[in-house]
Amino acid sequence: MATIDLHFHSHASDGALAADEVVRRAAANGASLIALTDHDCTRGLPEARRAAAAEGVAFLDGVEISVTWGKHTIHIVGLGMDPADAALCRGLATIRDGRVARAHAMAAHLEKVGIGGAFDGAMARCSNPEMIGRTHFARFMVQQNMVKDLRTVFRKYLTPGKPGYVAHEWAALGDAVDWICKAGGIAVIAHPGRYDLGRTLMERLILEFKEAGGGALEVSSGSHSLDDRHKFALLAERHQLLSSSGSDFHAPGEGAREVGRTDDLPAICRPVWEHLAHRLAVVPACGKTE
Ligand code: AMP
Ligand code: MN
Ligand code: MN
Ligand code: MN
């Protein structure tokens, strides 16, 4: 059955495949509507859009913005926004600005616990140097046989309280949502099941997000269980938010989910893509998206 995948990455950020490759892979996996959503960066979109057109797959421009909300890092996906919008471009450039300095700090911390050469090792695995991030460090450490897999690298080295973690101030929630909305897109809280917030804070996040103009929750995500899907479907309905669906694919064999393979939204959801038809780059011949 055709699927809809509105969240995955290319090597413009921390995905391992080129934008055209990941789009062709999504098409081969049966996707009928996709959005490329690189972290803090829209560089892969023109190539992805061309590849989608060649495959006859409907395409939306997308992005995944890193946000600091209190002491939490939250990811906000933007869908159907104009990637050339000046305020959006300026905002994303500001976020990218801090990444290289942060990477030097991460490498210095890792050096102290016996992991040498991490800056160069991570950079060598990063095709867009201003987008260097934790995934590139993790791949370096796994490929050098220092740690057995990515999960373990994050658990032992790259999460809060661990030696290679360097706290960073990303965008403000209200700014990220505003950039997306003013560029004509819809803002989505990415993978809400991954945040360690508890009920009260999750409610507060949703209220602030809505207040800023946010429109949807990512109910179906590669990192969600069936329980998460039902829980966030109910939460979306209660807060009158639309629902989105994305694999969060980064690389073959990495993570649970292939690109283009997403779980259906629960029946009570109102799909975000029904509100983005006017932003589609390719309208399939049948005029429908599934
Ligand atoms: P950064 O933006 O540099 O902080 O890196 C964040 C990225 O690290 C996320 O987008 C994920 O791709 C990856 N990531 C975060 N936590 C984990 C984890 N526990 N296991 C695997 N990858 C993770
Ligand atoms: Mn990532
Ligand atoms: Mn994310
Ligand atoms: Mn993602």
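The values are calculated or read from the model by the stated rules, or taken from the named source; none is laboratory data. Computed from a predicted structure; not experimentally measured. Reconstructed Cβ throughout: ideal geometry from the backbone, glycine too, with neighbour counts over all protein chains shown. Each accessible area value is taken on the protein alone, full model and side chains, heavy atoms only, with ligands, DNA and RNA left out. Shrake-Rupley method; radii C 1.70, N 1.55, O 1.52, S 1.80 Å.
Out of all the residues in the range 274-281, is one or more in contact (Cβ under 8 Å) with a residue 60 or more places away in the chain, part of a helix (DSSP H, G or I), open to solvent by less than 10 Å² (accessible area, probe 1.4 Å) and over 20 Å from ALA26 (Cα atoms)? Among the residues of the range 274-281, not one is in contact (Cβ under 8 Å) with a residue 60 or more places away in the chain, part of a helix (DSSP H, G or I), open to solvent by less than 10 Å² (accessible area, probe 1.4 Å) and over 20 Å from ALA26 (Cα atoms), which makes the answer no. The criterion of at least 2 residues that are in contact with a helix residue (DSSP H, G or I) (Cβ under 9 Å, 6 or more places away or on another chain) and either on the phi > 0 side of the Ramachandran plot or within 16 Å of ligand 1 (Cβ to nearest atom) (or both) is met, among helices (runs of 4 or more DSSP H) falling completely within the range 15-113, by 86-97, 99-112.
Hey, does the range 257-274 have a residue that's of a type outside the set (Ser, Thr, Tyr), under 15 Å from the mean Cα position of the chain (by Cα) and modelled with pLDDT under 95? Yes, that holds for at least one residue. Would the range 119-133 turn up any residue that is touching a strand residue (DSSP E or B) at 6+ places or on another chain (Cβ under 8 Å), more than 20 Å from VAL147 (Cα to Cα) and part of a helix (DSSP H, G or I)? Yes, the range 119-133 contains a residue that is touching a strand residue (DSSP E or B) at 6+ places or on another chain (Cβ under 8 Å), more than 20 Å from VAL147 (Cα to Cα) and part of a helix (DSSP H, G or I).
To keep it simple, each residue is scored yes or no on (1) open to solvent by 10 Å² or more (accessible area, probe 1.4 Å); (2) away from ligand 2 (no atom under 15 Å from the Cβ); (3) not basic (Lys, Arg).
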{"position": "THR3", "(1), (2), (3)": "yes, yes, yes"}
{"position": "SER10", "(1), (2), (3)": "no, no, yes"}
{"position": "GLY15", "(1), (2), (3)": "no, no, yes"}
{"position": "ASP20", "(1), (2), (3)": "yes, yes, yes"}
{"position": "ARG24", "(1), (2), (3)": "yes, yes, no"}
{"position": "ALA27", "(1), (2), (3)": "yes, yes, yes"}
{"position": "SER32", "(1), (2), (3)": "yes, yes, yes"}
{"position": "LEU36", "(1), (2), (3)": "no, no, yes"}
{"position": "HIS39", "(1), (2), (3)": "yes, no, yes"}
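Tallying residues that are surrounded by fewer than 21 Cβ atoms within 10 Å (Cβ to Cβ), in a loop (DSSP other than H, G, I, E, B) and within 16 Å of ligand 1 (Cβ to nearest atom) within the range 180-228 yields 5. In this structure, ARG43 qualifies as out of contact with any Leu (no Cβ under 7 Å at 6 or more places or on another chain) and either free of Cβ contacts under 8 Å to residues at least 60 places away in the same chain or under 27 Å from PHE119 (Cβ atoms) (or both).
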